[in-house]
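The values are calculated or read from the model by the stated rules, or taken from the named source; none is laboratory data. On a predicted model such as this, the values are computed, not experimentally measured, just so you know. Cβ sites come from the backbone with ideal geometry, for glycine too, and all protein chains shown count toward neighbours. Quick note on the areas: whole protein, heavy atoms, side chains included, nothing else; ligands and nucleic acids left out. Shrake-Rupley method; radii C 1.70, N 1.55, O 1.52, S 1.80 Å.
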Amino acid sequence: MNRPIRLTKPPDDIVTATIGLLTQEHAGQIEDIWEGILRETQQTDASWDWAYKLRLAVNDDRYEAYGIEFEALLQGVILLETQWHRSWLPQRFPLVYVEYLASAPWNRRLLEDPPYLIGVGRALILFARQRSVELGYGGRVGLHALPGAEAFYRRDNMPDYGPDPDKDGLVYFEYAALTL
């Protein structure tokens with residue numbers, strides 16, 4: 001299941017990448033290429049073990065792992081939990097929960113300005129909303145943001161429900177159902 005997505009390659013080129021299931025090759029790219037850059041630049045996600053997250057997605061039906069690929073290189077990854085999480089709204093609707101989301105180091109404006117590709121994180125969030133619709137959850141998506149990513153979700157107009165003491169004070173964000 002590969003889906004085409006459109007991203008921007010600065011200055012103004014629109015390119016087509018694909019989003020599909022995360023593979024062992026992708027996990028290898030993270031280990032071989034991303035991890036050293038992430039550690040050297042002291043990124044908060046430098047210790048995330050994507051090989052483990054891939055095994056989790058393969059062995060547990062609640063989890064799904066996807067990657068964005070462009071020019072045979074992994075550009076971003078996401079791990080979704082699709083069965084156990086509920087909305088923070090009083091109705092407690094089921095939703096897709098973003099466990100982890102990461103863009104390749106060269107796609108992070110703080111590390112590369114301009115980034116190699118623009119829109120990777122947004123494409124992953126939009127994909128999570130699409131999965132939510134496909135699963136019958138209406139586009140509902142929730143996540144806890146790392147402090148450095150909070151502004152990204154706010155710019156994307158994702159409602160902010162404040163710090164969650166059960167998640168080390170990380171701020172919880174949640175998209176409600178899409179209105180059609």
Two pseudo-spin positions, 7 Å from Cα along C-beta at THR16 and at TYR52, lie apart in nanometres by 3.8
To the nearest 0.05, the calculated FRET efficiency linking ASP166 and GLN24 through their beta-carbon distance, R0 being 30 Å, is 0.35
By the Cα gyration tensor axes a ≥ b ≥ c (a/c under 1.5 gives rounded; else a/b larger than b/c gives prolate, otherwise oblate), the shape of segment 1-59 is oblate
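Please report, in debye to the nearest 20, how large the charge dipole of segment 1-107 is about its Cα centre when each Lys and Arg carries +1 at its beta carbon and each Asp and Glu carries -1 there. Before the final figure, lay out each step's value.
Numbers: 9 positive and 16 negative charges, 104 e Å.
The dipole of segment 1-107 has a size of about 500 debye.
Just the number please: accessible area per residue for segment 17-162, 1.4 Å probe, all protein chains included, in Å².
Working: 7130 Å² over 146 residues.
Averaged over the residues of segment 17-162, the accessible area is 49 Å².
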Taking a crude spin-label model, label points 7 Å out from Cα along the C-beta direction, the ARG86 to GLU31 distance in nm is 3.9
The farthest towards the positive end of the charge dipole of the chain, of the residues LEU135, ALA65, ILE30, given +1 on Cβ of Lys and Arg and -1 on Cβ of Asp and Glu, is LEU135
For the chain, longest principal axis from Cα atoms; helix 120-134 axis from its Cα atoms; angle between them, nearest 10 degrees, is 40
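Shape verdict for segment 90-180, please, from the Cα gyration tensor: rounded (a/c under 1.5), prolate (a/b greater than b/c) or oblate.
Values: a/c = 2.32, a/b = 1.38, b/c = 1.68.
Judged from the Cα gyration tensor, segment 90-180 comes out oblate (a/c at least 1.5, b/c at or above a/b).
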From highest to lowest solvent-accessible area (probe 1.4 Å; ligands, DNA and RNA excluded), MET1, MET158 read MET1, MET158
One would report the Cα pair-distance distribution of the chain, bin width 10 Å, in %, as 9, 37, 40, 13, 1
Hits in segment 139-158: amide N under 15 Å from the 7 Å Cα→Cβ extension of VAL133, namely 139-141
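For ARG155 and GLU40 in the same chain, what is the full-extension length gain: residue separation times 0.36 nm, less their Cα-Cα distance, in nm?
Working: separation 115, 0.36 × 115 = 41.40 nm, distance 2.75 nm.
Between ARG155 and GLU40, full extension yields an extra 38.6 nm.
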Nearest 10, in degrees from 0 to 90: the angle of helix 50-59 to the longest Cα principal axis of the chain is 50
Once all protein chains are kept in place, ASP113 shows an accessible area at probe 1.4 Å, nearest 10 Å², of 120
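When the accessible area of the chain is computed with all protein chains present and a 1.4 Å probe, what percentage of it is carbon and sulfur?
Working: 4890 of 9600 Å².
The value for the chain is 51 percent carbon and sulfur by accessible area.
What 222 nm value per residue comes from the helices of the chain, counting each DSSP H run with n ≥ 4 as -39,500 (n - 2.57) and dividing by all residues, nearest 500 deg cm²/dmol? Spell out each step's value before the answer.
Numbers: 5 runs with 43 residues, N = 180.
Taken over the chain, the calculation gives -6500 deg cm²/dmol.
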Counting only protein heavy atoms and leaving out ligands, DNA and RNA, the solvent-accessible surface of HIS85 at a 1.4 Å probe, in Å² to the nearest 10, equals 50
Answer in debye to the nearest 20: the dipole magnitude of the chain about its Cα centre, from +1 Lys/Arg and -1 Asp/Glu charges placed on Cβ, is 640
